[in-house]
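> Pasting a structure here, questions to come.
The values are calculated or read from the model by the stated rules, or taken from the named source; none is laboratory data. As the structure is a prediction and not an experimental result, all values here were calculated from the model. Here Cβ is always computed from backbone atoms with ideal geometry, including for glycine, and neighbour counts include all displayed protein chains.
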Amino acid sequence: MKTSLILYLAILLLAFNSCKKQEFSGTRPDQRLIQLKNEYTDLLTQAKNGWIGYLYPRGGNGYTFKFRFDENNRVKTFATVDREYGEKEFESSYRLEMDQLPTLSFDTYSYLHIIADPDGNASASDFEFSILKIQNDTIKLRGNHNESELLLVKAEDNQGDDFVQKAFSVEDQIINFNQFSNYYKKITINNEVFSFNLNPIINVVSFSNMVDGKFKFYYSSYVLTDNGIRLQTPIELNGLAIREMNNLNFQKTQGIGNLLINKELNVKVESITKPLYLDKESPRRMHMDRKSYFSHTGLTINGVFDALELKEMPSFVGVLFVPRVTLTNLDGSYIIYYAGERYVGPQFNSFYKDDGKINFVPYELMTGYNPGPNYIDRVQEFIRLWFIEGGYYVVQTAARSYDLVSVANPKLWIRFN
């Protein structure tokens with residue numbers, strides 16, 4: 001019995017020593033976390049040219065950044081959030097945290113916060129991101145609150161602090177595109193013709209065509225690069241997956257242009273006077289969606305944004321189109337001014353068939369506040385054009401964004417997002 005007890009204790013002691021050795025072999029978890037944090041810090045700070053950031057908020061749109069991270073948890077940023085921010089460097093702080101997923105947080109106010117600020121230009125965005133994947137010179141991240149997508153791409157030698165300014169030069173070309181006299185544009189890809197649109201208000205590129213007699217619509221958010229646009233989701237057209245467009249060159253007075261698809265296929269863009277393809281269901285989708293539609297510029301006429309100069313009204317905000325605004329299901333189109341405290345515009349009924357057109361029939365030509373003698377003429381002209389004979393084609397530009405284009409005059413249109 002005594003021998004058995006001694007043998008049992010010997011086995012127990014041996015097992016304890018074995019566990020003890022296993023417990024302290026290798027790298028401790030806390031040491032590994034510190035090591036990982038140092039590795040990520042080195043990755044961010046040792047990129048001699050900084051990082052290009054491409055942000056796609058969950059709420060839509062696309063933004064471009066240039067970041068420089070340093071060892072003192074400071075980051076210097078340029079951004080396409082505003083033209084001023086492309087020239088004005090902003091310094092803030094960041095931190096790396098090692099949790100279930102490594103986290104990069106921009107923890108003091110920065111250009112990223114402006115996009116996510118619910119009291120400002122909120123776009124369901126983020127300023128705290130989990131690092132999902134590192135591959136070659138690209139870091140893929142996901143927002144911790146709104147699941148925005150952020151890509152960090154290591155900048156090359158020719159991608160300096162003027163990267164964002166160059167991106168705005170690309171946007172200037174997209175503005176030229178939208179200032180063609182006629183609204184409609186076509187593009188030919190691998191011998192097939194598509195309608196083509198670039199919406200710089202929400203940074204969306206879109207195409208449409210007919211397949212087996214059915215209307216097809218393709219779109220993706222994009223971000224600006226220093227020589228083109230990069231799509232969030234590739235669009236496949238006629239066997240070609242479009243990931244980026246470069247060397248955009250649009251001549252607004254001639255209504256023509258060209259660009260490179262994926263840096264290799266040179267294609268021509270042309271202005272046309274009629275829609276290539278009709279989306280027969282778009283008026284119903286737009287009108288029945290539970291959404292109020294906002295236009296920053298009002299009517300575009302012959303390539304001139306805000307042709308009626310509504311922006312000169314006191315503290316002009318924009319134009320609002322609200323389906324079923326009244327209890328009797330009347331629709332409204334309102335010019336918003338005095339920083340949102342006043343409005344003026346008509347109420348009406350909207351009618352549409354399966355022909356891609358919407359017609360507005362007035363119920364009350366002017367509701368709200370009379371803007372006074374300095375502005376009443378342009379308000380009346382807006383109302384007159386809103387009820388133009390023939391109505392408007394409804395052209396979808398994104399998931400819930402539409403342009404209205406006069407049926408009678410392809411030079412007259414308004415963009416709603």
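> So which residues in segment 159-186 are free of Cβ contacts under 8 Å to residues at least 24 places away in the same chain and among the aliphatic types (A, V, I, L, M)?
Residues satisfying the conditions do not exist here.
> Return the total of residues in segment 161-197 being over 23 Å from Glu84 (Cβ atoms) and part of a helix (DSSP H, G or I).
Quick first cut of segment 161-197, residues over 23 Å from Glu84 (Cβ atoms) only: 177, 180-197.
Retained after the next criterion (residues that are part of a helix (DSSP H, G or I)): 177.
Residues in segment 161-197 being over 23 Å from Glu84 (Cβ atoms) and part of a helix (DSSP H, G or I): 1 in total.
> Checking the structure you have, find out if any residue of segment 359-371 is among the aromatic types (Phe, Trp, Tyr) and either more than 31 Å from the chain's Cα centre (by Cα) or at pLDDT below 95 (or both).
Initial filter on segment 359-371 (among the aromatic types (Phe, Trp, Tyr)): 360, 363, 369.
Remaining after also requiring either more than 31 Å from the chain's Cα centre (by Cα) or at pLDDT below 95 (or both): 363, 369.
Yes, that holds for at least one residue.
> Quickly run through segment 375-400 and pick out the residues that are hydroxyl-bearing (Ser, Thr, Tyr) and part of a strand (DSSP E or B).
Result: Tyr392, Tyr393, Thr397.
> Exactly one of (1) touching a residue at least 24 places away in the same chain (Cβ under 8 Å); (2) under 23 Å from Lys280 (Cα atoms); (3) of a type in the set (Asp, Glu) is unmet by Glu381. Its number?
(2)
> So is Val407 within 22 Å of Phe215 (Cβ to Cβ) and not assigned by TED's automatic domain parsing to the domain that holds Ile175 or not?
Judged against the criteria, Val407 is a match.
> Here are Asn349, Asn359: which of them is out of contact with any Gly (no Cβ under 7 Å at 6 or more places or on another chain), surrounded by 13 or more Cβ atoms within 10 Å (Cβ to Cβ), outside any loop (DSSP other than H, G, I, E, B) and free of Cβ contacts under 8 Å to residues at least 60 places away in the same chain?
Sole residue among the options that is out of contact with any Gly (no Cβ under 7 Å at 6 or more places or on another chain), surrounded by 13 or more Cβ atoms within 10 Å (Cβ to Cβ), outside any loop (DSSP other than H, G, I, E, B) and free of Cβ contacts under 8 Å to residues at least 60 places away in the same chain: Asn349.
> Anything in segment 133-162 that is touching a strand residue (DSSP E or B) at 6+ places or on another chain (Cβ under 7 Å) and among the aliphatic types (A, V, I, L, M)? List them, or say none.
Ile139, Leu141, Leu150, Leu151, Leu152, Val153, Ala155
> Let me ask something else about it. Out of (1) in contact with a Leu (Cβ under 9 Å, 6 or more places away or on another chain); (2) farther than 24 Å from Pro200 by Cβ; (3) of a type in the set (Ser, Thr, Tyr), what's the single condition that is false for Thr297?
With (1) in contact with a Leu (Cβ under 9 Å, 6 or more places away or on another chain); (2) farther than 24 Å from Pro200 by Cβ; (3) of a type in the set (Ser, Thr, Tyr) applied to Thr297, the lone miss is (2).
Conditions (1) farther than 20 Å from Asn417 by Cα; (2) in the same structural domain as Ile376 (by TED's automatic domain parsing); (3) among the aromatic types (Phe, Trp, Tyr), marked per residue:
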{"residue": "Leu310", "(1), (2), (3)": "no, yes, no"}
{"residue": "Val317", "(1), (2), (3)": "no, yes, no"}
{"residue": "Thr328", "(1), (2), (3)": "yes, yes, no"}
{"residue": "Gly332", "(1), (2), (3)": "no, yes, no"}
{"residue": "Ala339", "(1), (2), (3)": "no, yes, no"}
{"residue": "Tyr343", "(1), (2), (3)": "no, yes, yes"}
{"residue": "Asp355", "(1), (2), (3)": "yes, yes, no"}
{"residue": "Asn359", "(1), (2), (3)": "no, yes, no"}
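> Check Asn158, Asn61, Asn72 and return the single one that is polar (S, T, N, Q), part of a loop (DSSP other than H, G, I, E, B) and buried (at least 20 other Cβ atoms within 10 Å of the Cβ).
Unique residue meeting the criteria: Asn61.
> Next question. Go through segment 258-301 and count every residue that is acidic (Asp, Glu) and closer than 23 Å to Asn329 by Cα.
Within segment 258-301, residues that are acidic (Asp, Glu) and closer than 23 Å to Asn329 by Cα number 2.
> Another one. Count, please, the residues in segment 198-233 that happen to be within 18 Å of the chain's Cα centre (by Cα) and part of a loop (DSSP other than H, G, I, E, B).
Selection size over segment 198-233: 7.
> Continuing with the same structure: Going residue by residue through segment 126-137, is there one that turns out to be crowded, with 21+ Cβ neighbours inside 10 Å and out of contact with any Phe, Trp or Tyr (no Cβ under 8 Å at 6 or more places or on another chain)?
yes
> Residues Ile189, Ile115: which one is touching a residue at least 40 places away in the same chain (Cβ under 8 Å) and within 18 Å of the chain's Cα centre (by Cα)?
Ile115
> For segment 328-349, indicate whether the set of residues that are within 15 Å of Trp413 (Cα to Cα) and at pLDDT 95 or above is non-empty.
The answer is yes; a qualifying residue exists.
> Mind checking which residues of segment 362-374 are in a strand (DSSP E or B), surrounded by 15 or more Cβ atoms within 10 Å (Cβ to Cβ) and at negative phi?
Answer for segment 362-374, where residues must be in a strand (DSSP E or B), surrounded by 15 or more Cβ atoms within 10 Å (Cβ to Cβ) and at negative phi: Tyr363, Met366, Thr367.
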